[in-house]
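Report on one structure; see the data block that follows.
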Amino acid sequence: MYITDRCNLECEQCIYKPSISHFINEEIHLTNALGLLKSFRDLGASKVTFLGGEPTLYGHRSGGRPLLDLIDGTRALGYEYMRIDTNGQRVAKLLREPSFQKMDEIAFSLDGFSADTNDPLRGKGTFLRVVDAIKTALEGGYFVTITCCVQKLFLERDADGVLALERMIRFAQELGVHQINFHDLFKVGIPMDTWTGSFAPEPVDWIPVYRELREKIDAGTFSIAIRLPQCFVTKAEFARNPGYYGYCPVKLGERVMVHPNGTIRICSNLICTAFGVARYADGHIHWDRTGANELAGHDMGRLTPCTNRSRHRKYGDLVPVCFSFKPGQEEYVWNHRLEWETNRIPASGSQYA
Ligand SMILES: C[S@@+](CC[C@H](N)C(=O)[O-])C[C@H]1O[C@@H](n2cnc3c(N)ncnc32)[C@H](O)[C@@H]1O
Ligand code: SF4
């Protein structure tokens, strides 16, 4: 749930940049937010992430109380897992609030292992402030994770041949967080390519780096959980196991994103476009019956490479898989609901379980 379109940073790579505004429908009003959460809970939802914009700014005109009321109300609705994605620039006071302590996970965004590698993306001074907040949250007993964008620089090696991506993992490990979750920044022929800066690696350079890191992760080299997106596979590999690589939240109906402007959408690749699956207004959710329904673009009965990343761009021998395809991930929905890895469809299968 993108509860606010307001932010106190202007990150160069921000996926949400065109929506950041302080003007119209800046926030999902608390009553609407809890009404929607009740509807989704009735439909079976059990995990919610609050983000935005910067969710710690939610209800700032009322001294921040609405965020705490939202957390209390969400728990009261029976949600089993509540998470917040924050830039960590002003959370010290919140971390001491009993209502905030009900959060199951605080995910801090950190895009480098030093001010030199983080601040060009997130802004001057952000590295020191977020690292400070991470330490405070850990001291306070929170379950703390880091979300980190894989910028081009992470594919470079130091004098000892160590990938900067690995240095990022080791930095997270030293901080003592429980998990690091990587997001990709590839340019894949979608609208956000035009505003997400110049930090994108090339797919072909990613493949060997992914393999190297995946081997180390699988060999137990690191002591924290790592969610590393595979992003691309060869066409032959996809054809061998479409039931595995064809994972798609749109086809699974696995989640939705809710925005302050009334849009309900599934695929993050369509953020800041007119596409979605539904809209909410006047306390009701209205299914989108127009051509702007994002489902219209999908072949819902077939397991394919990522629809939105393969529509306008080709990658030679590679095909894109969902950016959320992160093998072996220790994630609430996977462990308790999807059991994705254990229920994987045999290579010959082409239907959903
Ligand atoms: C849009 S932010 C909102 C929450 C909060 N403001 C923050 O930065 O954590 C949610 C997450 O998306 C990540 N993100 C931003 N731009 C992105 C992009 N172009 N591709 C992938 N992830 C991105 C951010 O780093 C952050 O971890
Ligand atoms: S802090 Fe989050 S929402 Fe704000 S600009 Fe950065 S990535 Fe975007």
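The values are calculated or read from the model by the stated rules, or taken from the named source; none is laboratory data. Model, not experiment: these values are computed from the prediction. Counting neighbours? That spans all protein chains shown, and the Cβs are built from the backbone with ideal geometry, glycine included. Accessible surface areas use protein heavy atoms only, side chains included; no ligands, DNA or RNA. Shrake-Rupley method; radii C 1.70, N 1.55, O 1.52, S 1.80 Å.
What the stretch 106-246 shows is 41 Å² of accessible area per residue, with the surface traced by a 1.4 Å probe over protein heavy atoms.
No disulfide-compatible partner, judged by a Cβ distance under 4.7 Å, exists for the following cysteines of the chain: Cys7, Cys148, Cys149, Cys231, Cys248, Cys267, Cys272, Cys306, Cys322. Calculation over all alpha carbon pairs of the chain in 10 angstrom steps from 0 returns a P(r) of 5, 24, 35, 27, 8, 0 percent. Given +1 at the Cβ of Lys and Arg, -1 at the Cβ of Asp and Glu and no other charges, the dipole of the chain around its Cα centre is 600 debye to the nearest 20. Principal axis analysis of the Cα atoms in the stretch 182-221 yields extents of 38, 18, 14 Å, listed in decreasing size. Spread over its residues, the convex hull of the C-alpha atoms of the stretch 31-77 is 71 Å³ per residue. Taking θ as phi - 60° and the Karplus parameters 6.51, -1.76 and 1.60, the scalar couplings of the stretch 63-76 work out to x, x, 4, x, 5, 5, 5, 5, 5, 4, x, 5, 4, 4 Hz in sequence order, x denoting glycine and proline. The solvent-accessible area of Cys306, taken with every protein chain present and a 1.4 Å probe, is close to 20 Å². In a DSSP loop and with at most 15 other Cβ atoms within 10 Å, the GluC sites (Glu not before Pro) in the stretch 1-51 are Glu10. Measuring against 26 Å, Cα to Cα, the residue pairs Lys93/Lys152; Lys47/Lys152; Lys47/Lys326; Lys102/Lys135; Lys38/Lys93 contain Lys93/Lys152; Lys47/Lys152; Lys38/Lys93 as the ones spanning a longer distance.
A cut-off of 5 Å between modelled amide H atoms, ignoring neighbours fewer than 5 places along the same chain, links Thr147 with Phe108, Ser109, Leu110, Asn181. Compared with the rule-of-thumb size 2.2 N^0.38 Å for a compact globular protein, the stretch 202-333 has a Cα radius of gyration ratio of 1.20. By DSSP, the beta bridges lying fully in the chain are antiparallel in about 35 percent of cases. According to the square roots a ≥ b ≥ c of the eigenvalues of the Cα gyration tensor, what is the shape class of the stretch 13-110, taking rounded for a/c under 1.5, prolate for a/b larger than b/c otherwise, and oblate for the remainder? Cα axes put the stretch 13-110 in the rounded bin. Taking every protein chain into account, the 1.4 Å probe leaves Arg227 with about 30 Å² of accessible area, to the nearest ten.
Here the Karplus relation 6.51 cos²θ - 1.76 cosθ + 1.60, evaluated at θ = phi - 60°, turns the backbone of the stretch 94-109 into coupling constants of 4, 4, 8, 7, x, 5, 5, 5, 6, 5, 7, 7, 10, 9, 8, 8 Hz, with x for every Gly and Pro. Amide H contacts of Val233: Val319, Val321, each under 5 Å away and 5 or more positions distant or on a separate chain (H built 1.01 Å from N in the peptide plane; Pro and chain starts excluded).
Remark: the stretch 27-34, residue by residue, has Karplus-estimated 3J(HN,Hα) of 10, 7, 4, 3, 4, 5, 4, 6 Hz, where x stands for each Gly or Pro and the curve is 6.51 cos²θ - 1.76 cosθ + 1.60 at θ = phi - 60°.
Using only alpha carbons, the stretch 98-178 has a radius of gyration to Kirkwood radius ratio (Rg to Rh) of 1.01. Under the combined filter of DSSP loop state and at most 16 neighbouring Cβ atoms within 10 Å, the stretch 43-124 retains these trypsin sites (Lys or Arg not before Pro): Arg90, Arg96, Lys124. Give me the base-10 log of I(q)/I(0) for the stretch 179-252 at each q in 0.16, 0.18 Å⁻¹, Debye formula, one uniform scatterer per Cα, rounded to two decimals. Taken in order of the listed q values, log10 I(q)/I(0) reads -0.78, -0.97. Per residue of the chain, the DSSP helices (runs of n ≥ 4 H) give a summed -39500 (n - 2.57) that works out to -7500 deg cm²/dmol at 222 nm.
Note: the stretch 73-219, Cα convex hull, 149 Å³ per residue.
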